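Okay, so here's the structure we're looking at.
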């Protein structure tokens, strides 16, 4: 059964590149580029991460600020 991820809000400068990574951020998969107008944004977790007990969602804004969220945490803010 597919797992879905929802991003409801981010800070920083639009547009945003969305990635899913392993917890050590060694392996990352690009998901999409979105703008503030696309929020909330949902996507299906890529198959390679479906068996992971934890993963990171990385959002990179247009000024290259990285916001990384692990399960049970919130995104840090970008200026």
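The values are calculated or read from the model by the stated rules, or taken from the named source; none is laboratory data. No experiment lies behind these values; they were computed from the predicted model shown. A quick note on method: Cβ atoms are made from the backbone with ideal geometry, for glycine too, and the neighbour counts reach across all protein chains shown.
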If you check every pair at least six apart or on different chains, which have Cβ atoms under 7 Å apart with a residue in the stretch 44-63 that is loosely packed, with under 11 Cβ neighbours inside 10 Å first and a residue that is not in a loop (DSSP other than H, G, I, E, B) second? 54/70
Any residue at all in the stretch 41-63 that is touching a strand residue (DSSP E or B) at 6+ places or on another chain (Cβ under 8 Å) and in a helix (DSSP H, G or I)? yes
Do we have any residue at all in the stretch 66-78 that's surrounded by 17 or more Cβ atoms within 10 Å (Cβ to Cβ), modelled with pLDDT of 90 or more, within 11 Å of the chain's Cα centre (by Cα) and in a loop (DSSP other than H, G, I, E, B)? no
Which of the residues that make up the stretch 23-40 are closer than 17 Å to residue 6 by Cα and assigned to a loop (DSSP other than H, G, I, E, B)? 35, 39, 40
